[in-house]
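Worksheet for the structure shown next.
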Amino acid sequence: MILMGLLFLVPFYFLLVNSVKSFGDLLSNAASWPTTFEWGNYQRAWEITEFPKAFMNSLVITVVSILLIALISSMAAYRMVRHNSRFNKVLFMIFVAAMVIPFQSVMIPLVKVTGWLDLANTRTGLIICYLGFGAPLSIFLFHGFIKSVPLEVEEAAVVDGCTPYSVYWKIVFPLLKPMLVTVIILNSLWIWNDYLLPSLMLQSDALHTIPIATFALFGQYTKQWDLALPALTLGILPIIIFFLAMQKYIIEGITAGSVKG
């Protein structure tokens, strides 16, 4: 396990070590330790990519998308489980089937539809797209987990005078914490690091997320590795910190949701 851990840390070594090298030193030997530490690379990358603006765009898009995915998916899954009608069964199967549709097959229709609805080149349009693409897997996970919630607890709450909404928010929703955190983590890793969907939806420089701002350092004839690597380091640092802080919930949530029903 230690050897496997070290193997997976090798890319981070190359990223961090080469982010503080000069361009010539980086090209001559990427695996060597820096002869001089060029900390100015980070300052230049910060300024060229306009990192604070890109960071705020990524943060707003990720947080709002995650909140919508978590809340709407959990409510939809709860309704499908507790009202097991034929319509809800078919609807659940449609969501499951949507998980296997490759994104490349809907790229052109997506751009056309968002253009018709005046959602192209807006944060709102991108957030709605993330909600649509993130909901199927989230509903699938919540659906399996909610089956483990005892129905008797909800029935007791109804006897005590709770409305259906009170039952969900006061009884069911707090019990969804392990799966809720899992859904938040998985979708945060995807949305924060996603390049393809923002590149299709956001053309304005003022709306660029961190992956798009970093990609601007790679041209057709030149690649500014001495600036791109510091920019990549700055971009992945927040999500790594978030992942390390929340990772203990992942196995608990996925295991609980996969063995029920």
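The values are calculated or read from the model by the stated rules, or taken from the named source; none is laboratory data. Keep in mind that what you see is a predicted model, and the values were worked out from it rather than measured. All Cβ positions, glycine included, derive from the backbone under ideal geometry; neighbour counts span all protein chains shown. Surface accessibility is based on the protein's heavy atoms, side chains included, excluding ligands, DNA and RNA. Shrake-Rupley method; radii C 1.70, N 1.55, O 1.52, S 1.80 Å.
Taking only the range 13-22 into account, find how many residues are more than 11 Å from Leu229 (Cβ to Cβ) and assigned to a helix (DSSP H, G or I).
1
Which residues, taken from the range 189-218, are surrounded by 19 or more Cβ atoms within 10 Å (Cβ to Cβ) and among the polar types (S, T, N, Q)?
Selection gives Thr209, Thr214.
Which residues, taken from the range 122-170, are at pLDDT 85 or above, closer than 13 Å to Ser74 by Cβ and not in a helix (DSSP H, G or I)?
Matches in the range 122-170: none.
What helices (runs of 4 or more DSSP H), lying completely within the range 23-121, carry at least 3 residues that are open to solvent by less than 30 Å² (accessible area, probe 1.4 Å) and touching a residue at least 60 places away in the same chain (Cβ under 8 Å)?
Passing ranges, in order: 51-82.
Would you mind telling me which numbered condition in (1) among the aromatic types (Phe, Trp, Tyr); (2) in contact (Cβ under 8 Å) with a residue 24 or more places away in the chain; (3) within 16 Å of Ile236 (Cα to Cα) Phe215 fails?
Failing condition for Phe215: (2).
Give me the pairs, please: first residue somewhere in the range 183-205 and more than 18 Å from Thr114 (Cα to Cα) and assigned to a helix (DSSP H, G or I), second residue anywhere and of a type in the set (A, V, I, L, M) and open to solvent by 30 Å² or more (accessible area, probe 1.4 Å), beta-carbon distance under 7 Å, and either six or more positions apart or on two chains.
Ile185/Met246
Given the conditions (1) crowded, with 17+ Cβ neighbours inside 10 Å; (2) of a type outside the set (Gly, Ala, Ser); (3) modelled with pLDDT under 85, and given that Tyr221 satisfies all but one, which numbered condition is not satisfied?
That leaves (1) as the condition not met.
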